[in-house]
Amino acid sequence: MSLTPLQLVNVDPLFIGIVAVYFAVVLGIGYYGYKTTKTEEDFLVAGRNVGPLVGGATLSATQMSAGTLVGTFGLHYLLGFGFVWIWPGLWAGWIVSLVLVAPQMRRFGRVTVPDFVAERYGDDGANGDYSRAIGAVLIVLAYTVYLSAQFTAGGLVFQTILGVAPEIGMFVMVMTAVAYTSIGGMRASILTDFVQAVVMAAAVLVAIPLSLHFTGGIGMINSIFQSFNPSFVGQALSTADIVGFMAAFGFSIAAAPYEITRIYSMKDEKTVRQAIGITLIFQAIIGTSVAVLGVTMRVLFPNLSTPDLASVVMSLNVLGPILGALLIAAVFSAILSTVDSIMIVSGAGLAHDIYGKLINTEATERQKLWANRIAVFVLGVIPFILALNSGLLGGLVQLIVVLQASMMGGMFFMPLVLGLHWKRVNTLGGVAGMVGGFFTVLFWHIGTNIYSVVPESITAVVTDPVIPGVLVSLILVVGVSLATGKPSKGTLAPFFEEEAAATDGGSEVGDE
């Protein structure tokens, strides 16, 4: 068959109508969440009654953001099948979470990750308030970067479909996400996540046979790529680059606050384990499908202005109005399911951890509920401004997502895992690990991607800032903890059964 790129077509009104119905459903779920949300705990953890199927879907939808159906799709378009190696790193992170993090955090059963920080690293002279504030601020900073990537992707989609300026598309995405998240809270977020995960999986599975029909099958794709660029069917990235991507996603997913908040919402530890198994199935289906679709689009449209347009161009020109609208709905699902999760976590950092725990400790449930809603609004608008200058963060959507993942893995992986499993970690060590890991990632990114001050001999081996970030965090957590006093038994009791049995939560120094 001819491999001449397909010509762009006008957008069918049916296409627009289906996408509009999708947005109406999302907003309708938001209204349902509003009617069933009465307390701050309802808003942040949905009453803790989420089952394994919905739990697995929400973990999948939250993790598979614009970085999957726009960014990863685009990088497969650019690099070929070789980028698929990021998925084993991500899945390894889920296995680590399954064994070392998720059940323990559900057993702990609070509302936010800073709740853990305040409890485990509470020997700060203020019953954990200082530690809580540091953790909350770092989460807000890192997730502001992440939200900018989601809004950047939304702007590209709207620009391609309607021909409007990307800033207008970003604004529509911001307002939609803010509307249903601020009024519906976690219950609306989780229900829309379930719908969005199903839409994503169905869309990519249906898209594969059609795209292969247009290109003549996998065999034809392989022969074409091998004729001009064999790396498309092999290892397009260096081993160091692959390890860097795998590390960024693996370390971050094991300690991601937006996933841990979902874990808090589940019924019990057994549900958490089942949900992680289900999310691995969802992600295997979508990850494999995205790889096939990305390289197929390179055959059909080899000269796109940016790889991030690949999934949108496919929906408009290959799948037809109904299936194309389904794929676009999946793209919007990927964006919104992550945006709502991040808004809730970041908003909780300001409203629950700073306002409710530090500023107004006597706040009523109504005051705390509206503080969370206002925080969601504010933290949805700020990244919109940052998205207008996304070149500072890496330009391509997936590169911005990787930067955020590196920040989160660098600052939380070691303080979280070691704090849950090693009694000797104290407050100074844990806080030093968080702060040191975060700023190491940030400075490494600036020194390699903006000012190029890190020697190339080093960046050729250490390709992602999460690696120095996690290493510095480990050194600080262990070194500072061993160099200073032992933690109090009160900070250990919620996490170690033997300490809980030996103390009533006092402040005496614990024995190893």
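The values are calculated or read from the model by the stated rules, or taken from the named source; none is laboratory data. What you see is a predicted model, and the numbers here were worked out from it, not measured in a lab. With ideal geometry, Cβ positions are generated from the backbone for all residues, glycine too; neighbour counts draw on all protein chains shown.
Scan the stretch 470-479 and give yes if some residue there is more than 27 Å from the chain's Cα centre (by Cα) and in a helix (DSSP H, G or I), otherwise no. There is at least one residue in the stretch 470-479 that is more than 27 Å from the chain's Cα centre (by Cα) and in a helix (DSSP H, G or I).
Looking at the stretch 463-489, which of the residues that are β-branched (V, I, T) and surrounded by fewer than 19 Cβ atoms within 10 Å (Cβ to Cβ) is nearest to G430 (Cα to Cα)? Checked the stretch 463-489; the qualifying residue nearest to G430 (Cα to Cα) is V478.
Against the numbered list (1) out of contact with any Leu (no Cβ under 7 Å at 6 or more places or on another chain); (2) part of a loop (DSSP other than H, G, I, E, B); (3) modelled with pLDDT of 85 or more, V431 comes up short only at (2).
I'm trying to understand the selection: among the residues of the stretch 105-132, which are part of a loop (DSSP other than H, G, I, E, B) and either in contact (Cβ under 8 Å) with a residue 60 or more places away in the chain or closer than 16 Å to I359 by Cβ (or both)? Break it down stepwise before answering.
Just the residues of the stretch 105-132 that are part of a loop (DSSP other than H, G, I, E, B), to begin with: 109-112, 121-128.
Listed by number, the residues that qualify are G109, R110, V111, T112, Y121, G122, D123, D124, A126, N127, G128.
Would you pick out the residues in the stretch 447-467 that are part of a helix (DSSP H, G or I) and under 17 Å from L138 (Cβ atoms)? Please lay out each step first, then the result.
Taking the stretch 447-467 first, the residues part of a helix (DSSP H, G or I) are 447-450, 456-459, 466-467.
Residue satisfying the conditions is V466 alone.
Restricting V243, V204, V299, V292 to those that are part of a helix (DSSP H, G or I), over 18 Å from the mean Cα position of the chain (by Cα), closer than 18 Å to W94 by Cα and modelled with pLDDT under 85 reduces the list to V243. Looking at I221, I168, I183, just one residue is within 26 Å of T288 (Cα to Cα) and either in a helix (DSSP H, G or I) or modelled with pLDDT of 75 or more (or both), and that residue is I221.
If I filter the stretch 55-75 for residues that are surrounded by fewer than 24 Cβ atoms within 10 Å (Cβ to Cβ) and touching a residue at least 40 places away in the same chain (Cβ under 8 Å), do I get at least one hit? The answer is no, given that none of the residues of the stretch 55-75 is surrounded by fewer than 24 Cβ atoms within 10 Å (Cβ to Cβ) and touching a residue at least 40 places away in the same chain (Cβ under 8 Å). Which of the residues spanning the stretch 81-100 are modelled with pLDDT under 80 and closer than 13 Å to F249 by Cβ? Residues satisfying the conditions are F83, V84, W85, I86.
Within the stretch 360-383, restricting attention to residues that are among the hydrophobic types (A, V, I, L, M, F, W, C) and more than 21 Å from the chain's Cα centre (by Cα), which residue is nearest to I342 (Cα to Cα)? Looking at the filtered set, the residue picked out is I374. Within the stretch 151-173, the only residue that satisfies the criterion of being crowded, with 22+ Cβ neighbours inside 10 Å and either farther than 17 Å from T306 by Cβ or in contact with a Lys or Arg (Cβ under 6 Å, 6 or more places away or on another chain) (or both) is M173.
Filter the stretch 354-394 for residues that are basic (K, R) and under 20 Å from R110 (Cβ atoms); which is modelled with the highest pLDDT? Applying the filter and picking the extreme gives K368. Of the candidates L78, L44, the single residue that is surrounded by fewer than 22 Cβ atoms within 10 Å (Cβ to Cβ) and either touching a residue at least 60 places away in the same chain (Cβ under 8 Å) or in a helix (DSSP H, G or I) (or both) is L78. Checking each residue in the stretch 410-456 for being touching an Asp or Glu at 6+ places or on another chain (Cβ under 7 Å) and surrounded by fewer than 22 Cβ atoms within 10 Å (Cβ to Cβ) picks out K423, R424. Flag: S305 matches the condition of being surrounded by fewer than 18 Cβ atoms within 10 Å (Cβ to Cβ), of a type in the set (G, A, S) and more than 17 Å from G55 (Cα to Cα).
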